[in-house]
Structure formats: C-alpha cells, structure tokens
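See structure below.
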Amino acid sequence: MTITNGTSSQFSPYPIRSAKGYHTFLPEQLQPIGSLLSAEKFPQNAEPPKLFEPLTIRGVTFHNRAWVAPMCVYSSDNGHATDFHLVHLGSMALRGWGSIMVEATAVVAEGRISPSDSGIWQDSQIAPLKTIVDFVHANKGIIGIQLAHSGRKGSTMPGGTLRIMRDDGWKGGEVAPEQTGGWPSEVVAPSAISFNPGKYPDPVEASVEYLTNLKEAYVKAAERCKIIGFDFIEIHGAHGYFLHEFCSPGSNRRTDQYGGSFENRIRFPLEVAQTLRAVWDKPLFYRVSASDWLEDAEGPEKAYPGETEEYKWWGLDQTTLFTQKLADAGVDLIDVSSGGNDLRGKIAVGPSYQLPFAEHIKKNVKNILVGAVGIITEPEQAEEILENNQADVVLFARQVLRDIDFPLKAAQELGAAISPALQFERGWSHMVVKRDHRKAPAHHSGISTVEGEESIYKRKNGGPAVYSAIPS
Ligand SMILES: Cc1cc2nc3c(=O)[nH]c(=O)nc-3n(C[C@H](O)[C@H](O)[C@H](O)COP(=O)(O)O)c2cc1C
C-alpha cells in the first residue's frame with residue numbers, strides 16, 4: 001500500500017495528518033480526546049461509566065459528561081482574550097474534558113465584573129476568541145462561552161489581586177476605582193441597592209431603555225459567537241449578577257413590569273433567554289443560583305404558603321418554576337449553582353453541596369437537561385451523581401485548576417479506556433489497556449506501569465480539605 005501524507009490508510013495515524021483547515025501543521029486527533037475507545041478493541045468499554053457516555057444536544061456531540069465550568073481568569077486586555085486564554089483553555093482541550101466554557105464574558109463593557117474580565121461587546125474581541133475556538137476544534141474538542149452582565153457587582157477587583165492587596169494592608173472594599181480601569185459610577189443594576197454598602201459600588205437603576213438595549217447587546221454577542229464558531233452559549237443568571245439580581249426580591253425593588261411578583265422578577269431573565277433562543281440555534285444553557293440560602297435570616301422562601309402570597313426570598317421553589325419556563329422557552333440545559341446575592345446567606349458548603357438543588361430540578365422540570373456543580377472532585381462521586389440520575393452532566397471548576405488530567409485519571413479509576421491526546425499516549429498507556437471487564441484489574445504490560453501513583457479517590461479519606469463556595 002502506498003501511503004502519502006494526507007491520505008488515510010489502514011494504519012492511520014501513520015503518517016500523521018494535519019487537522020483539516022488549521023492554519024499550521026497540527027497533528028490530527030483520531031477521535032475526540034476523552035472519548036471512549038471502541039468496545040470492540042477495548043471490551044471493558046462495552047458498558048462504560050456514565051461519566052464517559054456521550055451526549056448530543058441540537059446536533060452537537062459532547063463526547064463525555066465531565067465538563068469544565070466557567071472560570072474568570074482576570075487576564076483579558078480591555079475585554080480581549082489573550083495568549084493566556086489560548087494556553088489555559090487550549091490545554092484543557094488536550095486533556096479529555098467533554099466540554100470547555102469560556103469564563104463570564106460581558107456583553108457590554110460595564111457588565112464586566114473586574115477590569116481584567118472577558119468581553120464580547122465589540123468586533124475586535126472576535127479574533128482572539130476565534131483563535132482559541134479554532135484550536136479547540138482542531139483538536140476535536142467542544143467549547144462554548146458564558147455570556148454575562150455583572151450588574152451591581154461590576155467594577156470590582158479581580159479575585160487574587162484583592163488577597164494580595166489585603167496582605168499588603170489594603171483596607172478598602174472591593175471597588176475597582178477609575179485609576180485601575182474601573183467604572184464605579186457607571187455600575188447598573190435592577191435597583192439602586194448596593195451588594196455591600198461602602199464596600200461595593202452604588203449602582204444606578206437600569207431604565208427600561210437600558211434593558212431594551214441590553215437585549216440587543218446579547219443578540220449582537222450571539223452573532224459574534226456564530227462568527228467565532230462556539231458550540232454553545234450559557235447565559236450567566238447566577239451568583240448575584242444582573243439577571244440573578246432581577247430574580248431575588250432583596251435586590252429587585254422595581255415597581256414596573258420587571259419587579260414585584262415572581263412573574264415580574266423573572267420577566268427580564270426570561271426575555272434574555274427567549275431573545276437568545278430566537279437567534280441562536282445551537283445548544284443554549286442557563287446558569288442559575290437555585291437559592292440565596294436565607295432560611296436562617298428570613299424563614300421559609302414563601303412567607304405564607306398558599307396560592308397568592310408572594311415569596312420573601314429567592315429559593316428552590318421559584319427556581320424550579322423558573323426553570324420550567326426556561327425549558328419551555330427552548331433552553332436545553334440548566335447549570336445549577338447557588339448563592340452570591342445576599343451576604344446573609346448561610347451556605348452549607350461541602351462535597352456536592354448544590355446537588356440537592358440539581359436533583360430537585362431534574363425530578364420536577366420536564367424537557368431540560370441538568371448540570372451539577374460545586375465541590376465535585378472525585379470520579380466515583382461524579383459517576384454516582386449520573387448513575388443516580390441526579391443530573392445529566394457534571395461541571396468541575398477548581399478541580400480543573402488542580403488536576404487538569406482529571407478525565408483521564410477518572411477513566412482509569414472507573415475502569416474505562418478513553419482516548420488520550422495522540423501526543424500524550426505514552427503517559428497514559430496504563431489506562432489504554434485492553435481488559436475483559438470494566439472492574440477487572442488491568443494486566444499491565446510494557447514499560448508503562450506507573451508505580452506508586454496515588455489514587456485520587458484515596459484523597460477522600462486524606463487530610464482535611466478546606467472548602468469554600470466561590471461563586472463568580
Ligand atoms: C477562579 C474561579 C473563577 C470563576 N468564575 C466563574 C465564572 O466566570 N462564571 C461562573 O458562573 N462561575 C464562576 N466560578 C464558579 C465556578 O464555575 C463553580 O461554580 C464553583 O467554583 C464551584 O465549583 P467547584 O467546587 O468545582 O470549584 C468561578 C470559580 C473560580 C474558582
């Protein structure tokens with residue numbers, strides 16, 4: 001057989017071909033990194049773990065259910081993605097995650113959280129994001145973006161910066177002043193109520209005209225997402241930012257059609273979802289804060305349970321009703337987070353602490369997929385969530401920062417064989433071993449056995465973990 005470069009052969013991947021359409025030579029992955037290897041060759045994959053079952057939404061196939069949650073990295077240049085994002089997100093694409101998501105990305109400049117946050121409010125922001133998406137796609141990965149508006153939590157200092165400043169004696173609040181690129185006098189929210197008076201900006205109330213323009217900004221952002229080639233959009237409706245602020249009675253004191261009753265408070269977030277659904281035909285997700293955790297401060301979510309009484313604070317009951325409306329509007333997946341909008345909230349933080357919310361929504365809302373997030377760090381933990389049908393996908397945030405190879409390690413631990421990046425195969429030959437059964441011990445062969453490698457599962461019983469809820 002004559003083998004010429006660029007021609008497929010029985011012995012593919014030789015010669016190594018370049019990914020189609022990529023601007024430089026880039027070795028083509030034979031199948032998505034992190035997807036199951038064929039059960040014919042790897043019998044242990046005949047009944048794979050749920051974590052590695054693919055999921056197709058509106059024609060987009062996510063090759064497993066271990067997804068990267070959105071994470072701000074405070075590395076943008078006036079809202080433009082930088083080489084940091086390319087390396088950061090690009091390396092996730094090489095490590096087997098079923099989905100990658102660009103951090104909260106502001107649809108208007110004042111909708112950034114910090115001055116170093118990502119933006120998609122102008123055309124010049126298209127090219128650097130496209131570089132990232134092209135790289136991920138050239139490696140057969142899936143990548144989406146979280147569209148955001150920070151509301152009353154805009155113009156604040158980026159995460160790590162504040163700790164360092166405080167260590168150095170900074171006594172100020174979280175506000176990013178003008179001289180650091182902030183816009184404290186232009187912070188806009190549903191109502192003119194500060195998140196933390198004196199420490200956070202004092203927002204001005206959004207006019208109806210502002211809201212109309214903002215919906216148009218979401219549409220323009222979606223048009224840019226099409227040019228860039230994103231596989232999905234997630235609407236950031238959580239963590240005390242603009243859309244969540246509409247939902248919570250404590251941050252929404254409006255007297256117009258966007259405030260007051262439950263129907264009025266969810267009106268604008270729902271309009272944003274409907275508006276985006278009308279122009280975006282790929283998967284559309286919505287991240288919600290399922291609770292402001294105010295049981296201790298306020299008592300039950302509904303003051304006087306009954307048909308007509310109003311809710312006192314934003315909780316699971318309203319989130320469930322709201323999610324059904326999002327599902328009816330064509331939102332494909334609800335990403336269930338919590339908190340971030342009320343400092344009085346008492347969050348019971350611990351492993352899978354937000355899972356009961358996801359599970360409740362999964363049981364009670366029709367026609368929507370559910371994502372679970374929040375201190376999910378172990379393969380068995382994630383697998384159980386899916387096996388118990390508590391959620392359809394699992395999102396990981398801090399675990400990605402600590403252990404970027406988690407999907408490959410999880411496959412190994414759960415007994416499945418998934419595709420490592422072609423270039424990294426030699427590091428994973430202990431996972432790519434043919435076995436009769438999923439749980440049967442691998443018959444290690446060749447040079448690849450890694451001795452003394454600590455199982456991540458063991459950490460469950462290891463030293464004390466320091467947990468904190470970090471909604472952003
Ligand atoms: C550095 C960092 C940045 C974050 N940025 C975002 C963000 O842009 N959008 C968002 O919805 N959540 C953000 N979050 C919250 C995470 O997506 C996730 O919901 C939270 O960290 C809980 O998951 P974990 O326990 O797996 O970390 C951020 C979290 C971290 C640690």
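Suppose the filter is farther than 30 Å from residue 219 by Cβ and either at pLDDT 95 or above or within 13 Å of the ligand (Cβ to nearest atom) (or both); does residue 115 pass it?
Values: farther than 30 Å from residue 219 by Cβ: no; either at pLDDT 95 or above or within 13 Å of the ligand (Cβ to nearest atom) (or both): yes.
So residue 115 does not fit the description; no.
The residue that is modelled with the lowest pLDDT, among those in region 19-52 that are buried (at least 16 other Cβ atoms within 10 Å of the Cβ) and charged (D, E, K, R), is 28.
May I ask you to list the residues in region 358-372 that are in contact with a strand residue (DSSP E or B) (Cβ under 6 Å, 6 or more places away or on another chain) and either within 16 Å of the ligand (Cβ to nearest atom) or among the acidic types (Asp, Glu) (or both)? If you could, list the steps in order and put the result at the bottom.
Within region 358-372, the first condition is being in contact with a strand residue (DSSP E or B) (Cβ under 6 Å, 6 or more places away or on another chain), and the residues that meet it are 358, 361-362, 368-372.
Correct list: 358, 361, 370, 371, 372.
Look at region 64-103 and say how many of its residues are in contact with a Cys (Cβ under 8 Å, 6 or more places away or on another chain) and over 23 Å from residue 374 (Cα atoms). Before you say what the answer is, go through the steps one by one.
At the first step, the residues of region 64-103 found to be in contact with a Cys (Cβ under 8 Å, 6 or more places away or on another chain) are 103.
Of the ones still in play, those that are also over 23 Å from residue 374 (Cα atoms) are none.
Of the residues in that region, 0 qualify.
Strands (runs of 3 or more DSSP E) fully within region 54-110 that include at least 3 residues being within 13 Å of the ligand (Cβ to nearest atom): 66-68, 100-106.
Among the residues of region 254-269, some residue qualifies, meaning at least one is more than 22 Å from residue 356 (Cβ to Cβ), within 16 Å of the ligand (Cβ to nearest atom) and modelled with pLDDT of 95 or more.
Could you run through region 41-71 and say how many residues are at positive phi and either among the basic types (Lys, Arg) or under 18 Å from the mean Cα position of the chain (by Cα) (or both)? Full working, then the answer.
So the first thing to find is which residues in region 41-71 are at positive phi, and the list is 58-59.
Within this subset, residues satisfying the condition of being either among the basic types (Lys, Arg) or under 18 Å from the mean Cα position of the chain (by Cα) (or both) are 58.
Residues in region 41-71 being at positive phi and either among the basic types (Lys, Arg) or under 18 Å from the mean Cα position of the chain (by Cα) (or both): 1 in total.
Within region 58-71, how many residues are surrounded by fewer than 22 Cβ atoms within 10 Å (Cβ to Cβ) and in contact with a strand residue (DSSP E or B) (Cβ under 7 Å, 6 or more places away or on another chain)? Can you show your working first?
If we filter region 58-71 for residues that are surrounded by fewer than 22 Cβ atoms within 10 Å (Cβ to Cβ), which is where we start, we get 58-61, 71.
Okay, now just the ones that are also in contact with a strand residue (DSSP E or B) (Cβ under 7 Å, 6 or more places away or on another chain), so 60, 71.
Total meeting the criteria: 2.
Residue-level check: of (1) closer than 28 Å to residue 385 by Cα; (2) modelled with pLDDT under 95, residue 57 misses just (2).
The set of residues in region 159-194 being modelled with pLDDT of 90 or more and either within 16 Å of the ligand (Cβ to nearest atom) or among the aliphatic types (A, V, I, L, M) (or both) consists of 175, 176, 187, 188, 189, 192, 193.
Which count do you get for residues in region 281-301 that are within 30 Å of residue 99 (Cβ to Cβ), crowded, with 21+ Cβ neighbours inside 10 Å and either touching a residue at least 60 places away in the same chain (Cβ under 8 Å) or more than 16 Å from the ligand (Cβ to nearest atom) (or both)? So that I can check it myself, show each step before the final result.
Going residue by residue through region 281-301, those that are within 30 Å of residue 99 (Cβ to Cβ) are 281-293.
Checking which are crowded, with 21+ Cβ neighbours inside 10 Å leaves us with 283-293.
Subsequent filtering for residues that are either touching a residue at least 60 places away in the same chain (Cβ under 8 Å) or more than 16 Å from the ligand (Cβ to nearest atom) (or both) retains 283, 285, 287, 289-291.
So the answer is 6.
The set of residues in region 138-192 being closer than 30 Å to residue 65 by Cα, out of contact with any Cys (no Cβ under 9 Å at 6 or more places or on another chain) and surrounded by 16 or more Cβ atoms within 10 Å (Cβ to Cβ) consists of 138, 139, 140, 141, 142, 143, 146, 148, 149, 150.
For region 232-251, filtering for residues that are more than 16 Å from the ligand (Cβ to nearest atom) and buried (at least 24 other Cβ atoms within 10 Å of the Cβ) leaves 2.
Suppose the filter is within 16 Å of the ligand (Cβ to nearest atom), of a type outside the set (Val, Ile, Thr) and modelled with pLDDT under 95; does residue 348 pass it?
On the way: within 16 Å of the ligand (Cβ to nearest atom): yes; of a type outside the set (Val, Ile, Thr): yes; modelled with pLDDT under 95: yes.
Yes, satisfied.
Taking the residues in region 79-94 that are in contact (Cβ under 8 Å) with a residue 60 or more places away in the chain and among the small types (Gly, Ala, Ser) as candidates, determine which candidate is surrounded by the fewest Cβ atoms within 10 Å (Cβ to Cβ). First the steps, then the outcome.
Taking region 79-94 first, the residues in contact (Cβ under 8 Å) with a residue 60 or more places away in the chain are 91-94.
If we keep only those that are among the small types (Gly, Ala, Ser) as well, we get 91, 93.
Details: 91: 12, 93: 26.
For region 79-94, the residue satisfying everything is 91.
Within region 286-294, none of the residues are out of contact with any Leu (no Cβ under 9 Å at 6 or more places or on another chain) and β-branched (Val, Ile, Thr). Residues that are near the ligand (Cβ under 8 Å from one of its atoms), touching a residue at least 40 places away in the same chain (Cβ under 8 Å) and buried (at least 23 other Cβ atoms within 10 Å of the Cβ) within region 373-395 comprise 373, 374, 395, listed in sequence order. Report yes if some residue within region 244-256 is farther than 15 Å from residue 153 by Cβ and hydrophobic (A, V, I, L, M, F, W, C); otherwise report no. No - not one qualifying residue is present in region 244-256.
Here's a check for you: in region 111-140, which residue that is basic (Lys, Arg) and not in a helix (DSSP H, G or I) is farthest from the chain's Cα centre (by Cα)? Applying the filter and picking the extreme gives 140. Note on region 406-427: among residues that are surrounded by fewer than 17 Cβ atoms within 10 Å (Cβ to Cβ) and touching a residue at least 40 places away in the same chain (Cβ under 8 Å), the one that is nearest to the ligand (Cβ to nearest atom) is 424.
Can you confirm whether residue 433 is outside any loop (DSSP other than H, G, I, E, B) and in contact with a helix residue (DSSP H, G or I) (Cβ under 9 Å, 6 or more places away or on another chain)? Answer is no for this residue. For region 302-337, the candidate set comprises residues that are closer than 17 Å to residue 245 by Cβ and modelled with pLDDT under 95; within that set, the residue that is nearest to the ligand (Cβ to nearest atom) is 311.
The values are calculated or read from the model by the stated rules, or taken from the named source; none is laboratory data. Source: prediction; values computed, not measured. Counting neighbours? That spans all protein chains shown, and the Cβs are built from the backbone with ideal geometry, glycine included.
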